1. To the nearest 20 debye, what charge dipole does region 30-156 have about its Cα centre, counting +1 at the Cβ of each Lys and Arg and -1 at the Cβ of each Asp and Glu?
2. For the peptides 70-76, 80-86, what is the packing order when you average, over each peptide's residues, the other Cβ atoms within 10 Å and list the highest mean first?
3. Could you tell me the calculated FRET efficiency between Leu79 and Leu150, based on Cβ-Cβ distance and R0 = 22 angstrom, to the nearest 0.05?
4. So between Glu54 and Ser27, what do we pick up on full extension, going 0.36 nm a residue minus the alpha carbon distance?
5. Please work out how much length the chain gains when fully extended from Arg64 to Tyr44, using 0.36 nm per residue of separation minus the C-alpha to C-alpha distance, in nm with one decimal.
6. Can you give the convex hull volume per residue for the Cα atoms of region 28-156, as a whole number of Å³?
7. In Å, the Kirkwood hydrodynamic radius of region 43-116 over pairs of distinct alpha carbons?
8. How high is the relative contact order of region 23-69? Use alpha-carbon pairs under 8 Å, at least six apart in sequence, and give a whole percent.
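Every number here is computed from the coordinates shown, using simple stated rules; none is lab data. Keep in mind that what you see is a predicted model, and the values were worked out from it rather than measured. Neighbour counts run over all protein chains shown; Cβ positions are idealised from the backbone, glycine included.
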Amino acid sequence: MYGRSPSREGSTARILRRDIAPIPVTSAHVDAEIEEYIETNVTYGGVSRAQAEEMARSRREDLRAPTLPILRSIRLDALGNLWVEPFFGAGIDVGPFEVFAANGTWLGSVSVPPGLDRGFIPDFAPGLEIGDDYILGVWRDAQDIEYVRLYSLDKS
């Protein structure tokens, strides 16, 4: 039924904070985002580059937050550990996941291989499965051909 709020089970047991300095949005970030927008519309939208550039022209003037987001997504693995994915996007390097145990203990940083699709929106990317001792995902080669890859997690 529309308009119903989901039930709220559980409670907040702990709030973890990390001291991370916000990164100001620069013209380089905006340029990279606009170029990615143009390329996406040319590749998947069926428009010419000139049409895509015209569509993107007003994006430069769009209101933006003064700083980049801190995180892109959070996920739980098969053991209930929290995987925090730092923000990345056009022109922004992909950082490692930060992994926390259910009790809030920091377990470490996990970098995934270049080319592994870290998509977090199921409708737009195949996603990433994080098991108790593996990561399963879709890897793309230089020609953008997809392969299913399984990587073991070294917890030593």
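1. The dipole of region 30-156 has a size of about 200 debye.
2. Top of the packing list down: 80-86, 70-76.
3. Efficiency, from the Cβ-Cβ distance: 0.80.
4. 7.8 nm
5. 4.7 nm
6. Spelled out: Cα convex hull of region 28-156, divided by residues, is 136 Å³.
7. 15.5 Å
8. That works out to 53 percent.
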